[in-house]
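Structure first, then comments.
Just so it is clear, none of the values below were taken in a lab; they were calculated from the coordinates. Fair warning: this is a prediction, and the values are worked out from it, not measured in the lab. FYI the Cβ positions are ideal-geometry reconstructions off the backbone, even for glycines, and counts take in every protein chain you see.
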Amino acid sequence: MKSNEIRKTFLKFFSDNDHTVVSSSSLLPEKDPTLLFVNAGMVQFKNLFLDIEKRDYVRATTCQKCVRAGGKHNDLDNVGKTLRHHTFFEMLGNFSFGDYFKDDAIAYAWKLLKDVFRLDEDRMWITVYKDDDEAALIWKKVGIREDRIVRLGEKDNFWSMGDEGPCGPCSEILYDLGENVGCRQPACAVGCDCDRFLEIWNLVFMEFERSRDGQMTKLPRPSIDTGMGLERIACIMQGKLGNYETDLFSPVLRRLEDISRSVYGENEKTDTAMRVIADHVRGATFVINDGVLPSKEGRGYVLRRILRRALRYGKKIGIEKEFLYDLSGAVVDIMGDVYPDVRNNHPYIVRVIKGEEERFLETLNTGMRVYDEFVKEIKSKGGKAIPGDLIYKLYDTYGFPVDITAEMAAEDSLSMDTAGFEKSLEEQKERSRAGSRIKGEAWAEGHVAALRDDVRNDFVGYKTLEADGVILTMVRDEQVVEQLDEGEEGEVFFDCTPFYAESGGQVEDEGLVDGPSGKAVVINVIKVKQDVFAHKVKVTMGSLKRGDRVHLVVDKEKRKGVSRNHTATHLLHYALRTVLGEHVKQSGSLVEKDRLRFDFTHFQGLADEELHKTEDIVNEKIMESLNVTTEERQREDAIREGATALFEEKYGDTVRVLRIGDFSTELCGGTHVKNTGEIGSFSIVSEGSLAYGVRRIEAVTGKGAVRHKRKLDNIVKHISRLSNTEPDRVLERVEGIIGELNTKSNEIERLKEEIIAHRVEEAVKNAEEKNGAKVVTMYVPDAKADDLRKVTDIIRNRLKSCIAVVGTREETKGMVVAAVSKDLLSTYSAGKIIKKLAEQYGGKGGGGPQIAQGGIPGDKIKAALKSVADILSD
Ligand code: GLY
């Protein structure tokens with residue numbers, strides 16, 4: 001069975017058994033700080049297990065994209081060494097959210113493997129958690145021999161997503177690939193780390209939630225989470241001995257054989273390298289497709305690690321140039337039908353990979369040399385470890401991810417001073433972190449005391465800009481207070497608020513608080529957490545008291561401006577995708593009253609024509625006066641229907657979908673205009689590079705656009721007045737002026753030279769003779785050091801044999817340059833002449849025998865020049 005068919009068969013089996021087929025989520029968990037990448041099928045359902053979210057199904061089935069490179073489930077080090085581990089893989093799963101439990105989970109799994117996939121029963125083994133008698137009994141009931149059921153401990157048979165979250169005992173189904181696979185030791189048995197007993201399916205009996213401090217609480221309802229690696233089941237179904245020989249990998253290996261001229265299956269070392277490369281290029285392709293760019297931190301760093309590791313392995317099998325970008329084509333050939341976005345984004349993926357390859361290859365050789373030199377030195381001194389600062393230098397200057405250095409160290413039998421490295425890294429991070437804390441978090445920290453559970457607000461600001469609210473609590477200088485008095489500032493929490501809190505790039509509202517005994521202005525609003533907004537206020541009259549019912553009024557002008565700019569960012573996003581292509585993805589934004597900033601993935605600067613087209617499309621959509629509508633939807637439905645979601649945004653179960661006309665659908669919690677016509681007009685102010693592969697556009701709308709245009713108009717008018725020309729001819733005029741200026745500058749230069757030549761003649765005429773040598777001195781007005789040197793050259797050229805000393809002054813500072821022609825060097829030295837002058841006139845300086853320079857007070861320059869001959873005769 002081909003892997004595409006296995007996927008389909010799996011999903012159909014569970015869909016026939018009343019499971020809703022849910023599409024794979026992105027590899028990037030929705031703002032889940034506990035997780036780097038989605039590492040299992042259950043991640044997108046985490047809140048359903050915890051019962052803090054409900055959907056309209058209680059059974060689901062998925063084929064989920066997963067990455068296990070970093071965090072709790074990290075297979076990176078095993079990739080290549082084994083035949084079964086991957087950074088990226090697809091996990092087939094079925095899930096019950098408080099519906100069926102162990103009985104059905106086991107029955108379904110067994111039926112699918114035995115009756116549908118028709119696996120050989122004699123090769124199958126089962127593991128259960130050491131004291132899970134219930135699971136063992138169910139397995140016996142479905143027909144597994146007792147001696148095939150093995151009980152293992154926590155490490156093998158207790159599953160959790162990360163250090164916290166839903167978890168539970170599990171039961172695994174293994175397949176014996178035969179004695180000739182793996183360690184080939186007589187003692188090899190289920191539980192051995194080798195490739196022989198292949199774990200194909202893990203059934204997790206979700207019963208607990210583990211908290212950060214390790215506490216286990218029972219889940220409200222026992223649930224089921226299962227995971228079967230597609231690559232592994234394909235390996236068995238296709239009668240292979242390892243995942244890399246399945247149709248999911250073999251075309252990548254074939255292409256790699258072409259590129260490297262190595263053959264897979266001939267030599268273990270080469271095979272390992274080829275497996276690492278094949279795995280990593282696939283992982284990189286998918287990670288980039290979901291919006292990650294190589295960087296120094298977090299997910300970007302994982303991506304950098306796998307790309308650079310693959311490159312180093314490429315070098316090991318003799319590939320010296322960029323090749324991964326090309327190899328990613330083979331991944332797309334295999335996966336493009338199932339994941340069409342990977343095919344659509346392929347040109348973009350190629351660019352990201354190629355860019356990273358070019359950058360690393362540039363430093364790889366130098367980095368290796370630095371490493372080799374150090375290692376030689378370490379070894380010659382009998383050292384046993386790579387010092388932390390070297391690991392850091394390789395990491396920081398040469399872009400060697402730590403695991404690459406670790407691999408090289410292992411090859412040289414050296415250990416790593418990881419603690420020293422962490423220290424260097426922490427020091428660097430601390431430097432760059434200073435001052436850049438996330439505002440919301442910083443606020444929340446100071447307000448823990450105030451944030452009782454009942455402090456939460458209804459946000460009514462989508463519908464109205466004025467509302468009444470009751471003051472629930474107030475904070476001043478991090479202390480909870482009962483009252484804020486005139487002139488005082490503090491943070492106020494209401495039960496209901498029309499104020500938008502800064503989020504999703506949109507700045508906060510400002511406005512007024514009108515209470516029974518005082519008034520205040522709202523300066524800032526921070527979302528401390530969902531439905532908890534801290535309103536930073538300054539009391540302008542009387543006082544505000546806890547429990548006061550107050551009237552809240554949002555500043556309409558600011559809100560209106562911000563809303564115009566927010567809707568315009570959606571139009572801009574659409575226009576950029578239309579003009580530049582589908583690879584354009586929003587990577588950040590700032591929406592303010594007067595302007596907007598939009599960051600997006602793209603590789604080159606935009607040509608004027610592209611900028612104009614983009615601007616035109618946005619303005620057309622404004623002129624079409626299209627309705628902007630919002631709708632609350634089930635998240636899964638909205639995504640399925642094609643709504644764009646931002647990577648970093650957290651969306652709950654119900655999401656707000658913002659539609660403009662029939663061409664733009666995005667999940668968005670911001671405020672918007674009701675009709676695009678309200679935006680008025682849109683102008684791009686600037687475009688530039690923000691980071692590798694990320695561009696930034698700044699633009700203005702509405703009154704901001706009018707102001708921008710007026711500013712430009714005023715500049716033109718001013719120039720036209722100054723240059724005495726009509727505005728539409730000012731360009732021509734300015735070009736003319738610049739041309740004239742250039743001609744005049746050249747003329748001035750020429751005249752200056754003439755004057756100097758003339759003065760040189762004068763000076764030469766007045767030259768004194770000392771001991772047979774001609775001494776020429778000259779004062780040069782308005783000169784720089786370079787000019788003085790040039791003048792000494794002219795004199796030397798003119799006389800061949802001479803001593804030339806020239807000087808100038810600028811206000812109080814004087815400067816002298818002395819030069820001695822070669823034939824006089826046995827008697828005189830320019831350096832000495834300058835030293836003597838400096839000594840005599842209170843300055844300093846020096847230089848070589850042929851030319852030297854010094855500084856002396858400006859008012860002494862002329863006297864100094866006059867005295868040169870005397871100094872020489874001393
Ligand atoms: N969530 C089950 C597994 O990843 O094995």
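Points to keep in mind about this one:
- With Cα atoms, 0 to 90° folded angle of helix 785-799 axis to the chain main axis: 50
- Lysines whose Cα lies under 18 Å from that of residue 72, excluding same-chain neighbours fewer than 8 positions away: 31, 46, 155
- Projecting the Cα atoms of 398, 424, 590 onto the charge dipole of the chain, computed from C-beta unit charges around the Cα centre, puts 398 farthest toward the positive end.
- Modelled FRET efficiency - R0 30 Å, residue 215 with residue 477, Cβ distances, 0.05 increments: 0.30
- Amide H contacts of residue 643 (H built 1.01 Å from N, under 5 Å, at least 5 apart or other chain): none
- Among 277-285, 9-17, 748-756, the order from most to least packed when residues are scored by Cβ within 10 Å on average: 277-285, 9-17, 748-756
- Taking the Cα centre of region 1-149 as origin and assigning +1 to Lys and Arg Cβ atoms and -1 to Asp and Glu Cβ atoms, the resulting dipole is close to 520 debye.
- Distance from the alpha carbon centroid of region 795-833 to that of region 120-176 works out to 94 angstrom.
- The mean sequence separation of alpha-carbon pairs under 8 Å and at least six residues apart, normalised by the residue count of region 158-269, gives a relative contact order of 21 percent.
- In sequence order, calculated HN-Hα J values of region 300-309 (Karplus, 6.51, -1.76, 1.60; Hz; x Gly/Pro): x, 6, 4, 4, 4, 4, 5, 5, 6, 5
- Table column - 3J(HN,Hα) (Hz), region 55-67, Karplus curve with 6.51, -1.76, 1.60, x for Gly and Pro: 10, 8, 9, 10, 10, 9, 9, 9, 10, 9, 6, 10, 10
- Bridgeable lysines around residue 379 (alpha carbons under 29 Å apart, same-chain partners fewer than 8 residues away excluded): 81, 269, 315, 316, 393, 423.
- Reachable aspartates and glutamates from residue 218, criterion Cα separation under 14 angstrom, eight or more residues apart if same chain: 51, 164, 207, 209
- Counting every C-alpha pair in region 122-281, the share spaced more than 20 angstrom apart comes to 60%.
- Around the amide H of residue 867, modelled in the peptide plane, lies no amide H under 5 Å away from a residue 5 or more places distant or on another chain.
- In the chain, Cα pairs under 8 Å separated by at least six residues give a relative contact order of 6 percent.
- Solution diffusion estimate, µm²/s, Stokes-Einstein, region 654-751, Kirkwood Rh from C-alpha pairs, 25 °C, viscosity 0.890 mPa s: 135
- Separation of alpha-carbon centers, region 199-259 and region 13-57, rounded to whole Å: 15
- Over the chain: helical MRE at 222 nm, DSSP H runs n ≥ 4 each giving -39500 (n - 2.57), nearest 500: -12500 deg cm²/dmol
- Within region 566-620, none of the chymotrypsin sites (Phe, Trp or Tyr not before Pro) combine a DSSP coil assignment with at most 13 other C-beta atoms in a 10 angstrom radius.
- Pairs beyond 31 Å (Cα-Cα), from 527/556; 8/130; 529/613; 529/709: 8/130; 529/613; 529/709
- Inter-part distance where region 682-738 and region 336-409 are each reduced to a Cα centre, Å: 44
- From least to most packed, judged by other beta carbons within 10 angstrom and beginning with the fewest, 290, 859 follow the order 859, 290.
- Table column - 3J(HN,Hα) (Hz), region 399-412, Karplus curve with 6.51, -1.76, 1.60, x for Gly and Pro: x, 8, x, 4, 5, 5, 4, 4, 5, 5, 4, 4, 5, 9
- Treating r as the C-beta distance of residue 183 and residue 54 and R0 as 56 Å, the FRET efficiency rounds to 0.75.
- Of the residues 638, 524, 848, the one whose Cα sits farthest toward the positive end of the charge dipole of the chain, with +1 on the Cβ of Lys and Arg and -1 on the Cβ of Asp and Glu, is 848.
- Cα long-axis angle, helix 830-841 against the chain (0 to 90 degrees, to the nearest 10): 80
- Across all C-alpha atoms in the chain, the radius of gyration and Dmax reach 37.2, 121 Å.
- Neighbour cut-off at most 15 other Cβ (10 Å), DSSP loop, GluC sites (Glu not before Pro), region 1-110: 53
- Calculated over region 1-47: convex hull of Cα atoms, volume per residue (Å³): 88
- Full extension of the segment from residue 754 to residue 485, taken as 0.36 nm per residue of separation minus the current Cα-Cα distance, would add 89.1 nm.
- Dipole magnitude of the chain about its Cα centre (Cβ charges: Lys, Arg +1; Asp, Glu -1), debye to nearest 20: 2800
- Among the listed pairs 765/790; 835/860; 836/866; 674/711, those whose Cα-Cα separation exceeds 21 Å are 674/711.
- Taking the longest Cα principal axis of the chain as reference, the axis of helix 250-260 is set at about 30 degrees.
- Its Cα gyration tensor gives region 184-236 an equivalent ellipsoid. The semi-axes, each the square root of 5 times an eigenvalue, are 31, 16, 9 Å from largest down.
- In nm, spacing of pseudo-spin labels at residue 721 and residue 365 (7 Å Cα→C-beta vector): 6.2
- Calculated FRET efficiency for the pair residue 728/residue 623, C-beta based, R₀ 22 Å, to 0.05: 0.30
- Bins of 10 Å from zero: percent of alpha-carbon pairs in region 587-708: 12, 37, 38, 12, 0
- Amide H within-cut-off set for residue 813, under 5 Å, with H built and near neighbours excluded: 858
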